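The values are calculated or read from the model by the stated rules, or taken from the named source; none is laboratory data. These figures come from a predicted structure and were not determined experimentally. Positions of Cβ are generated from backbone atoms using ideal geometry, with glycine treated the same way; all protein chains shown enter the neighbour counts. Side chains are part of the model used for accessible areas, which takes the heavy atoms of the whole protein and leaves out ligands, DNA and RNA. Shrake-Rupley method; radii C 1.70, N 1.55, O 1.52, S 1.80 Å.
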There are 2 protein chains.
Amino acid sequence: MSLLVVGSVAFDSVKTPFGDVEDVLGGSALYFSTSASYFTDVSLVAVVGDDFPEEPVEFLKSRKVDVKGLHRAEGKTFRWKGEYGFDLNEAHTLDTQLNVFSDFKPELSDAQKDAKFIFLANIDPELQLEVLNQVRNPEFVACDTMNFWINGKPAELRRTLERVNMLVINESEARALAGESNIVKAAQAIRAMGPQYLVVKRGEYGALVFSDKETFFAPAYPLESVYDPTGAGDTFAGGLMGYIASRGRVDDETLRLGTVIGCVMASFDVEQFSFDALRDLKAAQILERFKRFHSLVNFETLTELPAR
Amino acid sequence: MSLLVVGSVAFDSVKTPFGDVEDVLGGSALYFSTSASYFTDVSLVAVVGDDFPEEPVEFLKSRKVDVKGLHRAEGKTFRWKGEYGFDLNEAHTLDTQLNVFSDFKPELSDAQKDAKFIFLANIDPELQLEVLNQVRNPEFVACDTMNFWINGKPAELRRTLERVNMLVINESEARALAGESNIVKAAQAIRAMGPQYLVVKRGEYGALVFSDKETFFAPAYPLESVYDPTGAGDTFAGGLMGYIASRGRVDDETLRLGTVIGCVMASFDVEQFSFDALRDLKAAQILERFKRFHSLVNFETLTELPAR
């Protein structure tokens with residue numbers, strides 16, 4: 001079943017201990033839709049400026065991403081500049097230029113209004129609500145957010161949270177949103193705000209999924225070559241939501257496999273700058289890495305302790 | 001098969017955001033041997049002062065821990081004072097009084113010299129070597145260390161590492177020892193120093209096991225009530241080494257199960273101050289929590305991706 005994402009398409013300038021790049025392709029909707037496109041049909045809602053090239057649009061089309069909702073506006077494309085230290089888990093934003101994104105009003109096409117699976121990437125919660133108000137009968141809505149909105153628009157964010165099924169969020173942001181340092185208690189508090197499911201992203205420590213039934217933990221794969229974590233969270237969400245949409249349902253097994261698939265996709269993303277590593281993955285590569293994740297954490301059950 | 005541990009028995013004063021305690025029982029050898037005693041016979045080498053009470057010694061005996069190697073010396077028992085912030089992963093040492101530990105020369109009994117499984121807890125690497133020099137024909141030796149020795153006695157530590165099969169160490173210490181921030185590369189560098197196996201402790205993010213064959217990751221269980229992480233690392237090592245010794249061999253499956261059992265035991269420890277939570281566990285409780293760990297990370301394999 002088709003998957004709708006609303007978010008940013010951007011130029012990123014990123015510095016890590018391993019190098020730096022300027023004005024490379026980025027943005028939550030770009031990472032998300034590329035990642036999800038390996039599992040399901042994706043339709044994208046975003047805006048770029050008149051400085052945005054054709055190549056990435058053609059690339060998305062080649063991945064069967066519906067780009068009719070990629071609006072071109074007069075002006076410059078959204079730009080983000082950030083830096084990572086050796087602790088690659090946290091980005092330090094150096095500069096944000098909203099440009100054409102500052103006047104962005106997402107308008108869904110008629111087909112998009114019938115979308116069943118929806119991801120509201122990390123944008124102004126008022127825009128997230130505007131999208132939700134246009135969708136007719138969604139089956140499963142997930143959203144992301146960040147400290148900027150948690151602190152800047154708490155009431156609007158609460159209204160969005162009341163209407164989503166799943167929140168996908170960084171660990172420090174989960175703690176800030178709940179006002180609680182213990183992650184289990186924070187998860188209870190956040191789930192009481194609306195989302196049945198909370199997915200806590202922990203960077204190189206993987207992801208935790210909380211529901212009323214259980215807690216699931218998927219690891220990140222320990223990689224020798226981590227160059228740039230930019231987009232890893234959206235790539236993760238793309239794999240997770242892409243797999244859920246491909247199954248057309250949300251159950252325990254789908255959530256577990258989807259979360260691991262999200263981690264698998266993110267593990268590719270961080271190995272190169274921009275979304276280059278996601279451009280041409282083969283199914284066999286994805287499955288091979290999935291198996292490495294399985295072997296990484298799998299263990300037998302134990303039915304008795306050694307006799308003493 | 002029996003397990004020998006050399007380390008500290010101490011009085012700890014600990015402050016966490018959830019309370020504080022003064023002069024409670026602690027020390028690496030106490031946590032380790034209590035935890036391991038649920039799986040195998042443990043023999044302990046340590047020193048206490050004349051201020052040390054009888055009760056914990058009787059307790060260890062009740063757990064079938066051989067305490068003949070617990071020396072009593074004139075003077076005061078080793079004391080440690082530390083504090084944890086809301087980030088419970090890192091202890092801030094406020095005060096260390098070595099007391100009787102400063103003149104401690106471990107001397108093994110004849111029976112201890114025949115020990116097959118050995119854990120050298122986090123003490124002066126010269127003492128670790130003295131123990132190794134007394135052991136006749138060990139099958140599997142593991143050790144712990146810390147920044148204090150990594151920086152203060154690097155040559156002595158290297159000599160110990162050349163002679164151990166497994167190093168069990170905190171993540172930040174692994175990075176410091178290897179001089180390398182990427183944990184996969186750090187693991188390669190450390191394993192080249194001697195240990196075939198490296199276990200990296202990540203606090204509330206679990207533990208990673210590196211060997212020449214594979215990488216295994218065991219999670220920490222997300223707990224609602226984490227009061228005091230003191231001793232969690234030694235409790236973990238006690239479960240791991242206790243299980244390995246109980247099996248009498250080190251193979252892939254034993255390592256995986258042992259690592260998870262270590263995480264299980266540590267998850268009990270952190271729920272109470274001192275080692276109170278480890279005093280009277282039932283096999284059924286340990287197995288029940290083991291099953292929760294299994295359910296936390298277990299997922300099906302995937303043989304194909306959704307058709308696109």
Practice item. Taking each label point as 7 Å beyond Cα in the direction of the beta carbon, state the distances from B:E156 to the same residue in the other copies, shortest first, in nm. Key: 6.1
Review point. Hull surface divided by four, with the convex hull built on the Cα atoms of segment B:1-153: how many nm²?
Key: 9.4
Review point. How big is segment A:3-297 in terms of Cα radius of gyration and Dmax, in angstroms?
Key: 17.4, 50
Practice item. Could you tell me what % of all Cα pairs in segment A:196-308 have separations over 22 Å? Key: 33
Practice item. Run down the lysines and flag those whose C-alpha is under 27 Å from the C-alpha of B:K15, throwing out any fewer than 8 positions away in its chain. Key: A:K185, B:K76, B:K81, B:K201
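If I take R0 = 22 Å and measure r between the Cβ atoms of A:S62 and A:L94 in this structure, what FRET efficiency does the formula 1/(1 + (r/R0)^6) give, to the nearest 0.05? Intermediate values should be presented prior to the final figure.
On the way: r = 33 Å, r/R0 = 1.48.
It comes out at approximately 0.10.
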**Study point:** Distance from segment A:235-270 to segment B:230-247 (C-alpha centre basis), Å
**Key:** 34
Exercise for review: Between copies, how far apart are the B:A192 label points? List them in nm, one decimal, shortest first, with each point 7 Å from Cα toward Cβ, please?
Suggested key: 5.3
Check your understanding: Between A and B, buried accessible area summed over both sides at probe 1.4 Å, in Å² to the nearest 100?
Key -> 5000
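For the protein assembly as shown, report the translational diffusion coefficient in µm²/s to the nearest whole number, using Stokes-Einstein at 10 °C, 1.306 mPa s, and a Kirkwood Rh over Cα pairs.
On the way: Rh = 25.7 Å.
After rounding, the answer is 62 µm²/s.
At most 14 other Cβ atoms within 10 Å and a DSSP loop assignment: could you name the GluC sites (Glu not before Pro) in segment B:110-205 that fit?
Details: sites: B:E126, B:E130, B:E139, B:E156, B:E162, B:E171, B:E173, B:E180, B:E204; in loops: B:E139, B:E162, B:E180.
Loop-located and lightly packed - B:E162.
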Review point. At a probe size of 1.4 Å, how large is the accessible area of B:Y31, to the nearest 10 Å²?
Key: 0
Practice item. Mind listing the label-point distances from A:D50 to the same position on all other copies, shortest first, one decimal in nm, points 7 Å along Cα→Cβ? Key: 9.2
Exercise for review: Pairs of Cα atoms under 8 Å, at least six residues apart: use those to get the relative contact order of chain A, whole percent.
Suggested key: 18
Practice item. Would you be so kind as to identify all helices of chain B, as entire DSSP H runs, whose Cα atoms reach 24 Å or more along the helix's own axis and whose mean Kyte-Doolittle hydropathy is at least -1.0? Key: B:252-269
**Study point:** Solvent exposure ordering (accessible area, 1.4 Å, most first) of B:R279, A:R72
**Key:** A:R72, B:R279
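What whole-number value in Å² describes the accessible area per residue of segment A:3-297 for a 1.4 Å probe? Working shown, then result.
On the way: 11130 Å² over 295 residues.
Value for segment A:3-297: 38 Å² per residue.
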Review point. At what distance in angstrom do the alpha carbon centres of segment B:70-108 and segment A:60-121 lie from each other?
Key: 54
Check your understanding: Of all GluC sites (Glu not before Pro) in segment A:27-110, which ones are in loop regions per DSSP and have a Cβ with at most 15 other Cβ atoms within 10 Å?
Key -> A:E54, A:E74, A:E90, A:E107
Point to revise | segment A:134-208 and segment A:1-48: distance between their alpha carbon centers, rounded to Å | key: 20
Exercise for review: For segment A:144-212, give the share of DSSP beta bridges that are antiparallel, in percent and rounded to the nearest 5; count only bridges with both residues there.
Suggested key: 40
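Taking all protein chains in place and a 1.4 Å probe, what share, in percent, of the accessible surface of segment A:124-233 do carbon and sulfur account for?
On the way: 1850 of 4160 Å².
Looking at segment A:124-233 in its full context, I get 44 percent from C and S.
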Check your understanding: To the nearest whole number, what is the average tally of beta carbon atoms from other chains within 10 Å of the beta carbons of peptide B:290-297?
Key -> 5
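Only helical DSSP H runs with n ≥ 4 go in: add -39500 (n - 2.57) per run for chain B, normalise by residue count and round the 222 nm mean residue ellipticity to 500 deg cm²/dmol.
On the way: 11 runs with 111 residues, N = 308.
So the calculated ellipticity at 222 nm is -10500 deg cm²/dmol.
At a Förster radius of 25 Å, what calculated FRET efficiency corresponds to the Cβ-Cβ distance of A:E253 and A:L281, to the nearest 0.05?
Values: r = 23 Å, r/R0 = 0.93.
Result of the calculation: an efficiency of 0.60.
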Revision key, fill the gap. Excluding residues fewer than 8 positions from A:K282 in its own chain, the lysines with Cα under 16 Å of it are A:K64, A:K291
Practice item. List the GluC sites (Glu not before Pro) within segment B:205-296 that fall in a DSSP loop (any state other than H, G, I, E or B) and whose Cβ has at most 16 other Cβ atoms within 10 Å. Key: B:E214, B:E224, B:E271
**Study point:** Which of A:V65, A:A46, A:N99, positive extreme of dipole for segment A:5-146 (C-beta unit charges)
**Key:** A:V65
Review point. So, in nm, how far is label B:V184 from label B:S295 when the simple model puts each one 7 Å beyond its Cα toward the Cβ?
Key: 3.3
Exercise for review: May I ask you to compute the full-extension gain from A:S225 to A:N151, defined as 0.36 nm times their residue separation minus their alpha-carbon distance, rounded to one decimal in nm?
Suggested key: 23.2 nm
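So for each of A:236-243, B:40-47 I average, over its residues, the number of other beta carbons within 10 Å; can you give me the resulting order with the highest mean first? Provide the component values of the computation, followed by the final result.
On the way: A:236-243: 31.1, B:40-47: 24.4.
Ranked from most to least packed, the peptides come out as A:236-243, B:40-47.
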Point to revise | Peptide B:196-205 - average C-beta neighbours from other chains (10 Å radius) | key: 2
